[in-house]
Each structure stands twice: as structure tokens, then as C-alpha cells.
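See below for the structure under consideration.
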Amino acid sequence: MDRIRIRGGRPLSGEIVIGGAKNAALPLMAAAMLTEDRLVLSNVPRLADIQTMTALLAQHGLAIEAVGNDGRTISLGGPIRNTEAPYDIVRKMRASFLVLGPLLARAGEARVSLPGGCGIGARPIDLHLKGLEQLGARIVLEGGYIDARVDGRLRGASIVFPFVSVGATENLLMAASLADGRTVLANAAREPEIGDLAACLVAMGARIEGIGSDKLVVDGVDALHGAEHAIIPDRIETGSYACAAAISGGSVFLRHAHQDHLGATLRTLREAGVDIQEQPDGLMVQRLNGLHGTDAMTEPYPGFPTDMQAQFMALMAVAEGASMVTETIFENRFMHVPELNRMGARINVHGASAIVRGVPGLSGAPVMATDLRASLSLILAGLAAKGETMVNRVYHLDRGYEAVEQKLAACGADIERIAG
Ligand code: EPZ
């Protein structure tokens, strides 16, 4: 397993290009199954999860080809030849579950492996299933698989989510786009990735009102057609590298970053003392003075994103004063805490909250990556720490961050990957 070695203490300076959003690309790829025509997606990030989704769609029968030579544009399309999403793919990537809605809408049936839990929580999919049943699907669980089918077409319905779910909103938005009649999705997720999916579906001929709000109204159509769509920049990659600039005491231009997608991340980082200036094609991020302890509570968008919690905690570990970081979305998303404490951080977890007492400095150590965002938080700590930090199990990182060591090294970090 690869490891990443960092020798800390060097302020970052330079430019980092922000790639396409992983959490937009994955549902957009699933949306390609809603039409036989070709969907062309550009600004696709080069990530392990994208390769996994490509393999999944290919085994459903879609033809997926690279377009042009930038390696970031793909064309997807073709008839669905297999309606089963197998366990050995779904267990590797939960977002595989996003094929359920499109398969039901196009083929009237689907057999999708239950995703199972993951490190950060049980992550049930009950909202996906309840919503699809309201659209007329008959769903049976057996042998670890969801067996879903619908006689004829899905039928529009009024669905109220008891709490916000990004994936359930995406699955049901895709299914409703081909259902017969009107579907209302109330208490829908408002993450920018949902807006990006909805914009692409509209370009494919879907009829969706309320995009960007928590109430989506979908009038189903008989068929969707192909389209071309550029994926939005990754707001979590943006926030992660903003933390890298701040924790290293440097100054970095984040090219293509969209300030208006950052939600509470922008306000919270500014409160903590990070200087963020919007420029024509990105954000200039620097630390002008000290960092000060600032509280954060994760919430659905536009609140502070759970996917930024671990990275923010690393930043607060070296801030002046204390901060309280509360995780309200997932039940086990503090696995980076013991690893940060090995580097000299002073973090105490009390239930869903962690008290972070800032320390003057961290010291490098061998640490273990446990999940995607925790991996990045350990790299951030390594950038600030005195001495050498070795981050093990970086396969987690490769799922969601493209060329991390190259991007950071280009800004002066002493960082390298050790193939293992
Ligand atoms: C998406 O996961 C993201 N993944 C996650 O990013 C992100 O952390 C999460 O949204 C929250 O923003 C992708 O977009 C591929 P949810 P998702 O449904 O859709 C519970 C990353 O690091 N829930 O909004 O699975 C669930 O257990 C990843 O890039 C149910 O109980 O998240 C969680 O506690 C990690 N029943 C909460 O809701 C359901 O049917 C929010 O989950 C669905 C969800």
C-alpha cells in the first residue's frame, strides 16, 4: 500500500488547479443511464471512484469513451443490457447505489447490492427505498440485494424527506425525471452537486422547477436525450486546499474555485483568520496573521459540510485558543482524532463534539488514514508539523483527491508518495 511522506514547516506558495467535483461526477455518470443517447461530461476528475463508476456502468452495458485528449471528457451512452449492480463493485463505492433510480426508470427493474456500512457510519438507504416505493416500485430485500421492479412506468408522487439526504435526493430526482406525472421532493438536499445534476437533467430534456431550493418539482417526460455538460469545480477540494494554505502559513491561488459554492465553509475559515479573496477565475487564500479557534457544526448545505470537518479540525489543532467541532451528519466521523493527537494535537471527543485546544506546533509521526477526508486532514497536519509525517493507507485518499502530492509539491511542500 502506498504511503505519503511529508516534511513539514514550509509555507505553501503558488497555484493549485481545482478539479471537477467528485460528488457531482458520480451521480452525473449514473444519469447517463436515463437515455440511450450519448451524454458527454467534461471536467471529469481523474479518481479511483470515477474508475469504479465507469466499470459499474460498463457492466450495465453502457459504452464509455474518452473524448478529445485532455483525459477529462467522457462520452457515455447505449442500451442497458444488465440490470444488476454486483456486490463486489457496490461494496467498494457506496455511490454505486445511484444506479437504482435510473435502472428502475429506464428498465423497470433493478437488482442492486446493499452498500453496507462504511468507516464513518452505518449509512442506511431507507429514504432511497421509501421514495422509490412511493413512485410505484415494489422492493424486496433478499440475499444482501435490493430487488426492485415496477409494472409499466414509475408514477409521480409527493415525497417529503424526514431529513436531508444527498443520495436519496439524487436517486429520486433521476427516477422522477422519467416518471409519469408530477413528483414533488420536499426537504430535498441543496448541495451544489444536486443543482449540477438537475441542470444536466434539464439539458437532457427533464422538466425540473425549484433548482437550488429544498423543494424540487419534477414533471416526468417520456424520454430524455443526450447532452453535453461541464462538471462544477469541487468545493471540498477547494476547502481542503484553502486549509492547506492556511495551516502552512502560505498563500495559494485556487484556480477555478467557486466562492459561491463554499457555503458556511467560507465564513468559518474567515472567522478563523484565513484571508480569502475572490478573483476572476478563482480564490486567493492566505494567512495574514494568526489562526484563532472557531467553532463549527456540520449541517446540510449551505451549512458547514461534514466533508470539511476533518480538514478544519487539523487547522484548529494549531490555532490560538479552543474550538468545538460538532459532527451532526455521521455517527463515526472522528477517526482522525487519535491520529492527530499522535502528532501532538490536543483534541477530546465528547459524543458528537470534539474540543480542540490549539497548540503552538505539531510534531511529525507515522499515522494511519482511515477514510477519504481524514487522509487529507493528516496531510494538512503534516504540512504544519516539525519533522517527518508518514501517512499510511493512502488508497483512501486516491478515491477523492487527484494528484495531491503533485499539487502540494508544486507549491513548495516537501511531500512525496512512497509506493508500497
Ligand atoms: C453524500 O453521501 C456524499 N457522497 C458524502 O461525501 C457526504 O458526506 C454526504 O453526502 C453528506 O453531505 C457522495 O455524494 C458520493 P446522505 P450520501 O444521504 O448521499 C443518513 C465524501 O467524503 N441517511 O446525505 O450517502 C446517512 O446515514 C463522501 O466525499 C439515512 O439514514 O449522504 C447520514 O447520516 C463521504 N438514510 C445522513 O443521512 C438514507 O436513506 C446524510 O447522508 C440516506 C441517508
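Each value in this text was obtained by applying a stated rule to the coordinates, not by laboratory testing. Keep in mind that what you see is a predicted model, and the values were worked out from it rather than measured. Methodologically, a virtual Cβ is constructed for each residue, glycine included, from the backbone with ideal geometry; neighbour enumeration extends over all protein chains shown.
Descriptive notes on the structure:
- Rel. contact order, % - alpha carbon contacts under 8 angstrom, at least six apart, segment 91-178: 37 percent
- Relative to the longest principal axis of the Cα atoms of the chain, the long axis of helix 192-203 lies at roughly 30 degrees.
- Hull volume in cubic angstrom per residue (convex hull over the Cα atoms of the chain): 125 Å³
- Charges were assigned to the Cβ only: +1 to each Lys and Arg, -1 to each Asp and Glu. The resulting dipole of the chain about its Cα centre is roughly 780 debye.
- Only helices enter this figure: runs of n ≥ 4 DSSP H residues, each worth -39500 (n - 2.57), summed and divided by the residues of the chain, yield -8500 deg cm²/dmol at 222 nm to the nearest 500.
- Residues whose amide H comes within less than 5 Å of that of ALA85, counting only those at least five positions distant or on another chain, are ARG111, VAL112, SER113 (H built at 1.01 Å from N in the peptide plane).
- For the chain, with +1 on Lys and Arg beta carbons and -1 on Asp and Glu, the positive-most of ALA198, ALA317, GLN51 along the dipole: ALA317
- For segment 340-383, the relative contact order is 35 percent, taking Cα pairs closer than 8 Å that sit 6 or more residues apart in sequence and dividing their mean separation by the residue count.
- Violating pairs (Cα-Cα greater than 32 angstrom) within the set LYS22/LYS215; LYS130/LYS407; LYS92/LYS386: LYS130/LYS407; LYS92/LYS386
- Length-normalised contact order of segment 12-70 in % [C-alpha pairs under 8 Å, at least 6 apart]: 37 percent
- Sorted by Cβ neighbour density within 10 Å, fewest at the top, the residues ASP88, ASP214: ASP88, ASP214
- Ranking of SER353, SER377 by count of other Cβ atoms within 10 Å, fewest first: SER353, SER377
- At full extension, GLU299 and ALA58 could sit 83.3 nm farther apart than now, given 0.36 nm per residue minus the alpha carbon distance.
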